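The values are calculated or read from the model by the stated rules, or taken from the named source; none is laboratory data. Predicted model only: the values in this text are computed from it and were never measured. Cβ placement follows ideal geometry from the backbone for every residue including glycine, while neighbour counts extend to all protein chains displayed.
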Amino acid sequence: MTNSADRYGAVAQILHWVTVALFIAIFALAWIQDGMTLSPEKVQIINLHKSVGVTILALAVLRLAWRWYSPPPSLPEGMAGWERRAAHASHVALYVVLLAQPLIGILHSAAANFPVVVFGLFTLPALIGPSEEVKQVLESAHHLLARVILALLAIHILAALRHHFVVKDDVLTRMLPLAGPSAGPSAGPGAGPGAGR
C-alpha cells in the first residue's frame, strides 16, 4: 500500500490516476458548458464541474498528506542537478495548481452569488460576498490557470514518455498499477521534469 524506494504503492497510484480521470472530466465539462446557452441543463453541468473541482481539491490535500506519510520513490541515479531541480519545480507547480484552481473556482462562485452544491449532497459556505468586480478578476484568473494547468500536464506527460522511451528508466512504469517492480527498463543516466511525483 505504501511507497517503496523504487515504486509507488497502491494508494499513491489510485490517488494519481483518479486525479487524472477527474482532470479529463473537468476539462470536458468546461468545454461542454462553454458551448451552451444558459438553461437548467447548463446549470447542471456547471454544478457538476464545480463538484468535480471540489473533489480534486480534496484529493490534492489527501495526496500531500500521503506524500508526507509515505515519501515517493527516489529519483533515478545519475540525474544532473538541473534535472533534479526541474523535476522538483514541476511537481511543486502541479500541486500548487491542484490546490489553487479549485479554490479560485469556489471564490468565483461566491463572488457571482452562485452556491457550490457538491453532487447535490451539501453546499459549501460562501467565503466572500457577491461582487461583480471580484467575480471578473477571479474568472480571468480561473481561465488563465486552466491554460497553465494544460501546459504543466503536457510537460509532465512528455517528460514521463521521455523517461520511458529515451532515457529508458522506470519513472513511468513505477506509477502503473499492473507493472511489477522490474517491468520497466533499468534506470538510465538522465532524467527530466517528469521524475518523481
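Quick grid of which residues meet (1) loosely packed, with under 15 Cβ neighbours inside 10 Å; (2) at pLDDT below 95; (3) touching a strand residue (DSSP E or B) at 6+ places or on another chain (Cβ under 7 Å); (4) not hydroxyl-bearing (Ser, Thr, Tyr):
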{"position": "Asn113", "(1), (2), (3), (4)": "yes, no, no, yes"}
{"position": "Thr123", "(1), (2), (3), (4)": "yes, no, yes, no"}
{"position": "Ala126", "(1), (2), (3), (4)": "no, no, no, yes"}
{"position": "Glu132", "(1), (2), (3), (4)": "yes, no, no, yes"}
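Scanning the range 17-45 for residues that are surrounded by 16 or more Cβ atoms within 10 Å (Cβ to Cβ) and either touching a residue at least 60 places away in the same chain (Cβ under 8 Å) or of a type in the set (Phe, Trp, Tyr) (or both) yields a total of 4. If you check Ser90 against the conditions, is it surrounded by 13 or more Cβ atoms within 10 Å (Cβ to Cβ) and under 21 Å from Phe23 (Cα atoms)? When the stated conditions are applied, Ser90 passes them.
A quick yes/no check of all residues on (1) assigned to a helix (DSSP H, G or I); (2) closer than 30 Å to Ser109 by Cβ; (3) touching a residue at least 24 places away in the same chain (Cβ under 8 Å):
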site: Thr55; (1), (2), (3): yes, yes, yes
site: Ala58; (1), (2), (3): yes, yes, no
site: Val61; (1), (2), (3): yes, yes, yes
site: Glu77; (1), (2), (3): no, no, yes
site: Ala87; (1), (2), (3): yes, no, yes
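Name the single residue that is nearest to Arg63 (Cα to Cα) among those in the range 1-13 being among the hydrophobic types (A, V, I, L, M, F, W, C) and surrounded by 15 or more Cβ atoms within 10 Å (Cβ to Cβ). Only one residue fits best here, namely Ala12. The conditions of being aromatic (Phe, Trp, Tyr), over 15 Å from the mean Cα position of the chain (by Cα), under 30 Å from Thr123 (Cα atoms) and part of a helix (DSSP H, G or I) are not met by Trp82.
Taking the range 1-16 as the range and being of a type outside the set (Lys, Arg) and outside any helix (DSSP H, G or I) as the test, the residues that pass are Met1, Thr2, Asn3, Ser4, Ala5, Asp6, Tyr8, Gly9. Taking the criterion of being aliphatic (A, V, I, L, M), within 16 Å of the chain's Cα centre (by Cα) and surrounded by 15 or more Cβ atoms within 10 Å (Cβ to Cβ), the residues of the range 46-59 that qualify are Val52, Val54, Ile56, Leu57, Leu59.
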